[in-house]
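I have placed the structure first, in the form of structure tokens, so that the comments after it can refer back to it.
The values are calculated or read from the model by the stated rules, or taken from the named source; none is laboratory data. Note that the coordinates shown come from a computational prediction; the quantities given were computed from them, not determined experimentally. Cβ placement follows ideal geometry from the backbone for every residue including glycine, while neighbour counts extend to all protein chains displayed.
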2 protein chains.
Amino acid sequence: NPDLASERQTASFSVEKLTAWLDGGAEQTRLRRAVVKYIERDPVFSRENQYFQSQNERYEAAVRKAVHLQKKMHEMGWSQEGPEYKYIYRELAGDIAFLLHSIFMRSISVLGSDEQIAKWIPLASQYQLIGSYAQTELGHGTYLQGLETTAVFDVTTQEFILNTPKISAMKWWPGDMGRSATHTVVFAQLYVHGKCYGIHPFIVQIRSLQDHSLCPGIIAGDIGPKMNFEHIDNGYLMLQNVRVPRENMLNKFCEVQPDGTYVRRGSQKINYFTMTSVRVSLISAEAVTPLMKACTIAIRYSAVRRQSKLKPGEEEAKILDYQTQQEKLLPQLAAAYAFHFIDDYLQELLDRGYREIQRKNFDTLPELHALSSGFKAMVTQYCTSGVEICLQACGGHGYSLLSGLPSLYTKIIASCIYEGENTVLLLQTARFLVKSFMAASTGQSVPPSVTYLAAVKHRKCPAKNKLDFLSPDIYTEAYQHMAVRLVSSTAAKLQDLIQSGVKKHDAWNQCTVQLAQAAKAHCHYITVKTFAETVEKLESKAGIQKIVKHLCDLFALHGIFSNAGVFLHDGYISGAQMDMVTASYLDLLAIIRRDAVPLVDAFDFTDKSLNSALGCYDGQVYQRLYEWARKSPTNKQISPAYEKYLKPLLHNTLSKL
Amino acid sequence: NPDLASERQTASFSVEKLTAWLDGGAEQTRLRRAVVKYIERDPVFSRENQYFQSQNERYEAAVRKAVHLQKKMHEMGWSQEGPEYKYIYRELAGDIAFLLHSIFMRSISVLGSDEQIAKWIPLASQYQLIGSYAQTELGHGTYLQGLETTAVFDVTTQEFILNTPKISAMKWWPGDMGRSATHTVVFAQLYVHGKCYGIHPFIVQIRSLQDHSLCPGIIAGDIGPKMNFEHIDNGYLMLQNVRVPRENMLNKFCEVQPDGTYVRRGSQKINYFTMTSVRVSLISAEAVTPLMKACTIAIRYSAVRRQSKLKPGEEEAKILDYQTQQEKLLPQLAAAYAFHFIDDYLQELLDRGYREIQRKNFDTLPELHALSSGFKAMVTQYCTSGVEICLQACGGHGYSLLSGLPSLYTKIIASCIYEGENTVLLLQTARFLVKSFMAASTGQSVPPSVTYLAAVKHRKCPAKNKLDFLSPDIYTEAYQHMAVRLVSSTAAKLQDLIQSGVKKHDAWNQCTVQLAQAAKAHCHYITVKTFAETVEKLESKAGIQKIVKHLCDLFALHGIFSNAGVFLHDGYISGAQMDMVTASYLDLLAIIRRDAVPLVDAFDFTDKSLNSALGCYDGQVYQRLYEWARKSPTNKQISPAYEKYLKPLLHNTLSKL
């Protein structure tokens, strides 16, 4: 398509260099491409018919892929933890089964004793069983202490008796559990001699290893249709006097001894680290990558789609040339880059934290927990809204499943809910911020990411003209000021309420809307700061620094433009300065627009991994829509509706109208 | 469920009275309930299995319902234009076929001559043919002038020869066209003696009335899977030298005479009125009603769902008691009420306009066009985002199709695109606003809805404390000031650019982001003003006025709170005043929360019309989720995946891992 070709000819930078930099080096790019090529060559992994399949068909295909993948990875000597798997996951868009099997294994590795690990991990890694992870119940999600499943220790038989005492206690949502799993880790309230010891994990077999029939006392099935994840058999599970041996309680941190004595040992703090690392790892795989794909599809399509005339007498304009279209898409593109760097930042923090923890130093945990919670919430929400904007920006064709955008959207929106509901997570971050702010105000030392709460410099933004707002110092400072103001004013409101006699918990609840806002502001500030620092470090690679700097500026100014109120509130930025922000922001749209297509090309998604009739590299949008539509099952059969209803209607043979 | 029952016992107003008022009187409520009861009694109209059906099954069911409905309406003596049909449509959530058949008929009534009407309307109304409306093409949507289908007049045979000259000219998206329609109105570029006369409508038969096979020269089919609308056979159509007689061009406004002379007659302005009335009518049916349903589901569920503890030692709290949950849902509830009144306002305007047009006075058309465009855009966007918030606020269970929320969302989002893409529409409103502002500044008279652009009173908001912000005068004035500022500053920017030598069209494009913002501000202002006026008129019905006033306040303050920047920008509202807004806004959440369940009960949706496991009147959420899930096709068969993939894997008989 000449319209796309012309966009590529005028790129202001080397796409290949930018790709390599995003991958972390040319060597990684080479490896990724080799893995992708290997996977795409194999017809089992094809997603060609995905948009036409029923939930049953999607499940079957996902199981097939998962089993095949195990074989292939074994052949190639690739491990689940290696870089290849990450690339495979990106390529397949997570569209495979057994994702919970690895969570099953990890929970045993983390929560199990050495004997338990020695017994179960080999069975699991050789797929002599298929594992799941049964935590969430119909009536309880995020609040784990409220789970209602019970496990009562029977000292006479040395067994735990597991029960689902009421319908709301039924396990609900666990992946791979509806139809596939033979075993699962069940979280239940432990009772010994009538005393409750809280939530503990138990390995429970739910299906026969011989014929896959449900084990005695087990009622399980699939929870039915969802907005997406049709390929996963999210399941329900009811337990009726199911007995498991004493050894099936995962007992690294606590044990029920044969006589019923309950013993707690070691520190469970490491658990927080697991949760933290899961949240960090999903940011890239489940939020940033889908946003990058959505940007690729929408921006390429916008360079191909022509509609209406910018100037009378001229050819119809590419829709990417309209300011409103740029304002929809380019900030999402900038955000995809911003969050890619935040992911790097969090990974680094996590690695450092992990090294400390191995030295039994748990001091970094609160900060890690706060950052991973806040960023999980902020990035998934931002990317979800970004994908939605990309979808709407493609008009009617974006609404077709064949565009690939609806399934990106219906999948990414789940990331706002799983692994901790976003509002709950933001409030955890807020709790850390308020605590840190209080500590910092009284001169105590606080973790590095929040030292800024103690030190506010300027009272007014020093920018004098619109170009000043292209200075990272100026806008980073503005974000910092704004975050400090929101944290400190909310902390003050909280204090005031408590001092006026409101009970602590009520006071907290009355501040939560503002606390969540403060947590988002903190994450937004760290994102802008990290982006600006990334640009600075790029200095040597002049070829790409300029365009990355533009993206950083755009991300920052878009944030000020669209959250103007929090910057204007105390006059830190004046109305006149806000007009400068707006002017610079709109100027940047026109600048980045020139490189928009090369900037998405740099994400280096293959056509197969995008699986989009609108987003293919060659821009043959309309041909592909037509070809793909013809394959739809709706065109494969004459509907029975004709003989049954239409013909009698048209031939007027229905009992007369 | 006792948690829901207790919410109803403490209602501060009579739900029945509010329902009757929303319906426009107790008599309408009675009629609506009678119609709903009649429909729900009939098993053909059941939507029970909807969430489990494939696209093919959905289509078949929709055709069945449509045919059955024709029969029933005939039996009952109900017409498509009567109030009963409106209630039926609301009850069935539009889940029936032949919706385009009435557009086919309307286009003939509006664009056809008396002879054409006399020929085609009886055929259509007796369903001796099934009509569709083929306007949009693969390459062109909103910009009608760009359509590429051609119709060449052949003077020798007195026929038009219709062609699809290239793939992008293929008709794409028309409803009922993929599998059902026998006829359609095709919009094509008319050529006579080599000269192009622009877009004209032609009646074209596409399928045989005998056996439904495609007519010669016709290539047509279904465009495949979409985000929703699985029940509609949106189609594609390619025309290859398809000949239709001269009489098939709809010729009320222009005719090709036998010798090829092109004659134009009468005014086409009435066309604008049709477009306008379609946009207005979809606001209620396709945007406000779905938002009301989503609010009903999410608020009832939030009063049943308990999670975590507000105070240590207490029972787990209803999630509706958390401020953050209130802040998600209650503004959406207030918006549903606000837009219900805007719908009334627009209907009244439309009726008045129609009366004028019948007197050949077309003066009201520009205002009607501007308002209907702007409100269509603003309301559909707002309601789409509101439904999404409701979905996310229900956590994991909201993500299940069984909640009813995903299908509300995937359907309502289409309303942002069809009948004019929202950004394009907002810019049409903006053009009217800029024009009116210019006229008003030079003392010319302008239509009633924009006279405010000429008269700005206060330079600063006079509010002194948070209670002042509960005064409709105060906040309506603030919205007015803000709308004037955005319109006038953007008009000034536009003038400046043009005066500095930028070409008019470029200048317009460079202002479009701000123009769209100004158009939204105008509609937001009118909404607040209309809501406040509605509350005032309620004075006599004191029983419901108080709660409706709270909703009005909430809607207005939510808008200021979440768009703080545009109010703070010029200091009209100060930072200290914004804190008062925030305080009043958060106070209102706690007040309205007490009546939240009665306020959604007043919408009076039956369980069947909600079709939601979470939103039923009795609050038996978990039981229903379980019952419904068990009916899923994923639980009706053992997946072939077991024998094919799982068993060999578990029994280690795959070629060894």
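Mind checking whether some residue in region A:499-508 is touching an Asp or Glu at 6+ places or on another chain (Cβ under 7 Å) and more than 17 Å from residue A:335 (Cα to Cα)?
No, region A:499-508 contains no residue that is touching an Asp or Glu at 6+ places or on another chain (Cβ under 7 Å) and more than 17 Å from residue A:335 (Cα to Cα).
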Next item on the list: Starting from residues that are in contact (Cβ under 8 Å) with a residue 12 or more places away in the chain and of a type in the set (Lys, Arg), keep the ones in region B:497-540 and report whichever is surrounded by the fewest Cβ atoms within 10 Å (Cβ to Cβ).
Entry: B:529
Next item on the list: Working only within region B:596-644, note down all residues that are more than 10 Å from every other protein chain (Cβ to nearest Cβ), out of contact with any His (no Cβ under 8 Å at 6 or more places or on another chain) and in a loop (DSSP other than H, G, I, E, B).
Entry: B:602, B:603, B:604, B:605, B:606, B:611, B:612, B:615, B:616, B:617, B:618, B:619
Checklist line | Answer residue from region A:174-190, given it is surrounded by fewer than 24 Cβ atoms within 10 Å (Cβ to Cβ) and not in a strand (DSSP E or B) and is nearest to the other protein chains (Cβ to nearest Cβ) among those | finding: A:182
Notebook entry, point to check: Is it true that residue A:400 is farther than 24 Å from residue A:288 by Cβ and in contact with a strand residue (DSSP E or B) (Cβ under 9 Å, 6 or more places away or on another chain)?
Noted result: yes
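Hey, could you check region A:409-456 for residues that are more than 14 Å from every other protein chain (Cβ to nearest Cβ), of a type in the set (Val, Ile, Thr) and part of a helix (DSSP H, G or I) and say which is surrounded by the fewest Cβ atoms within 10 Å (Cβ to Cβ)?
Within region A:409-456, the subset more than 14 Å from every other protein chain (Cβ to nearest Cβ) is A:432-456.
Filter once more, so that each one left must be of a type in the set (Val, Ile, Thr): A:434, A:442, A:446, A:450-451, A:456.
Those still in the list that are part of a helix (DSSP H, G or I) too: A:434, A:450-451.
Details: A:434: 22, A:450: 23, A:451: 12.
Applying the filter and picking the extreme gives A:451.
So that you can scan it fast, the table gives a plain yes or no per residue for (1) under 15 Å from residue A:390 (Cα atoms); (2) in contact with a Ser or Thr (Cβ under 6 Å, 6 or more places away or on another chain); (3) part of a helix (DSSP H, G or I):
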site: A:273; (1), (2), (3): no, no, yes
site: A:285; (1), (2), (3): no, no, yes
site: A:299; (1), (2), (3): yes, no, yes
site: A:327; (1), (2), (3): yes, no, yes
site: A:331; (1), (2), (3): yes, no, yes
site: A:334; (1), (2), (3): yes, no, yes
site: A:340; (1), (2), (3): no, no, yes
site: A:353; (1), (2), (3): no, yes, yes
site: A:356; (1), (2), (3): no, yes, yes
Check: Looking only at helices (runs of 4 or more DSSP H) that fall completely inside region B:52-118, which ones have 1 or more residues that are away from chain A (no Cβ under 14 Å)?
Finding: B:83-92, B:99-111
Note to self: Return the residues of region B:81-97 that are free of Cβ contacts under 8 Å to residues at least 40 places away in the same chain and surrounded by 16 or more Cβ atoms within 10 Å (Cβ to Cβ); say none if nothing qualifies.
What the structure shows: B:85
Notebook entry, point to check: Is region A:541-550 home to any residue that is without any contact (Cβ under 8 Å) to a residue 12 or more places away in the chain and in contact with a Leu (Cβ under 6 Å, 6 or more places away or on another chain)?
Noted result: yes
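It is to be established whether one or more residues within region B:236-245 are aliphatic (A, V, I, L, M) and free of Cβ contacts under 8 Å to residues at least 12 places away in the same chain. Working first, answer last.
Here is the first cut: in region B:236-245, the ones aliphatic (A, V, I, L, M) are B:237-239, B:242, B:244.
Filter once more, keeping what is free of Cβ contacts under 8 Å to residues at least 12 places away in the same chain: none.
No, every residue in region B:236-245 fails to be aliphatic (A, V, I, L, M) and free of Cβ contacts under 8 Å to residues at least 12 places away in the same chain.
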Next item on the list: Within region B:282-339, track down each residue that is surrounded by fewer than 24 Cβ atoms within 10 Å (Cβ to Cβ), over 18 Å from the mean Cα position of the chain (by Cα) and either charged (D, E, K, R) or within 21 Å of residue B:520 (Cα to Cα) (or both).
Entry: B:306, B:309, B:311, B:314, B:315, B:316, B:318, B:321, B:327, B:328
Margin query: Exactly one condition in (1) at pLDDT below 95; (2) in a helix (DSSP H, G or I) is false for residue B:48; which is it?
Written below: (2)
Checklist line | Selection count, region A:147-164, where residues are touching a Ser or Thr at 6+ places or on another chain (Cβ under 7 Å) and within 13 Å of another protein chain (Cβ to nearest Cβ) | finding: 2
Next item on the list: Could you tell me whether residue A:90 is closer than 28 Å to residue A:634 by Cβ and among the basic types (Lys, Arg)?
Entry: no
Next item on the list: Would you confirm whether any residue within region A:544-555 is surrounded by fewer than 21 Cβ atoms within 10 Å (Cβ to Cβ) and within 13 Å of another protein chain (Cβ to nearest Cβ)?
Entry: no
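Can you name the residue in region B:98-124 that is within 21 Å of the chain's Cα centre (by Cα) and under 17 Å from residue B:249 (Cα atoms) and, of all such residues, is surrounded by the fewest Cβ atoms within 10 Å (Cβ to Cβ)?
If we take residues in region B:98-124 being within 21 Å of the chain's Cα centre (by Cα) and under 17 Å from residue B:249 (Cα atoms), then B:106 is surrounded by the fewest Cβ atoms within 10 Å (Cβ to Cβ).
Okay, residues lined up against (1) farther than 30 Å from residue A:547 by Cα; (2) buried (at least 18 other Cβ atoms within 10 Å of the Cβ); (3) outside the structural domain of residue A:304 (by the TED database):
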residue: A:1; (1), (2), (3): no, no, yes
residue: A:7; (1), (2), (3): no, yes, yes
residue: A:13; (1), (2), (3): no, yes, yes
residue: A:16; (1), (2), (3): no, no, yes
residue: A:25; (1), (2), (3): no, no, yes
residue: A:53; (1), (2), (3): yes, yes, no
residue: A:59; (1), (2), (3): yes, yes, no
Margin query: Restricting to region B:564-598, name every residue that is under 24 Å from residue B:5 (Cα atoms) and of a type in the set (Val, Ile, Thr).
Written below: B:591, B:592, B:597
Notebook entry, point to check: With respect to residue A:368, is the statement that it is in contact with a Gly (Cβ under 9 Å, 6 or more places away or on another chain), of a type outside the set (Lys, Arg) and in a helix (DSSP H, G or I) true?
Noted result: yes
Item checked: The one condition in (1) in contact (Cβ under 8 Å) with a residue 12 or more places away in the chain; (2) farther than 30 Å from residue A:588 by Cβ that residue A:468 fails to fulfil -> (2)
Margin query: Within region A:582-590, does at least one residue satisfy the condition of being of a type in the set (A, V, I, L, M), outside the structural domain of residue A:295 (by the TED database) and touching a Phe, Trp or Tyr at 6+ places or on another chain (Cβ under 7 Å)?
Written below: no
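So which of B:490, B:451 is touching a Cys at 6+ places or on another chain (Cβ under 7 Å) and among the hydroxyl-bearing types (Ser, Thr, Tyr)? Reasoning before the result, please.
Working: B:451 fails: touching a Cys at 6+ places or on another chain (Cβ under 7 Å).
Being touching a Cys at 6+ places or on another chain (Cβ under 7 Å) and among the hydroxyl-bearing types (Ser, Thr, Tyr) holds for just one of B:490, B:451, which is B:490.
Can you say whether residue A:65 is surrounded by 19 or more Cβ atoms within 10 Å (Cβ to Cβ), under 20 Å from residue B:644 (Cβ atoms) and in contact with a helix residue (DSSP H, G or I) (Cβ under 9 Å, 6 or more places away or on another chain), as far as the supplied structure shows? I'd like the intermediate steps shown before the answer.
Details: surrounded by 19 or more Cβ atoms within 10 Å (Cβ to Cβ): yes; under 20 Å from residue B:644 (Cβ atoms): yes; in contact with a helix residue (DSSP H, G or I) (Cβ under 9 Å, 6 or more places away or on another chain): yes.
Yes, satisfied.
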Notebook entry, point to check: Which of the residues belonging to region A:582-595 are in a helix (DSSP H, G or I) and more than 14 Å from every other protein chain (Cβ to nearest Cβ)?
Noted result: A:592
Check: Which one is farthest from the other protein chains (Cβ to nearest Cβ) among residues in region A:226-246 that are in contact with a Leu (Cβ under 9 Å, 6 or more places away or on another chain) and buried (at least 24 other Cβ atoms within 10 Å of the Cβ)?
Finding: A:239
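Just to verify a result, which residue in region B:125-134, among those that are more than 9 Å from chain A (Cβ to nearest Cβ) and in contact (Cβ under 8 Å) with a residue 24 or more places away in the chain, is surrounded by the fewest Cβ atoms within 10 Å (Cβ to Cβ)?
Pass one, region B:125-134, residues more than 9 Å from chain A (Cβ to nearest Cβ): B:125, B:131-134.
Add one more test, that the residue is in contact (Cβ under 8 Å) with a residue 24 or more places away in the chain, and what stays is B:131-134.
Working: B:131: 27, B:132: 30, B:133: 25, B:134: 29.
That would be B:133.
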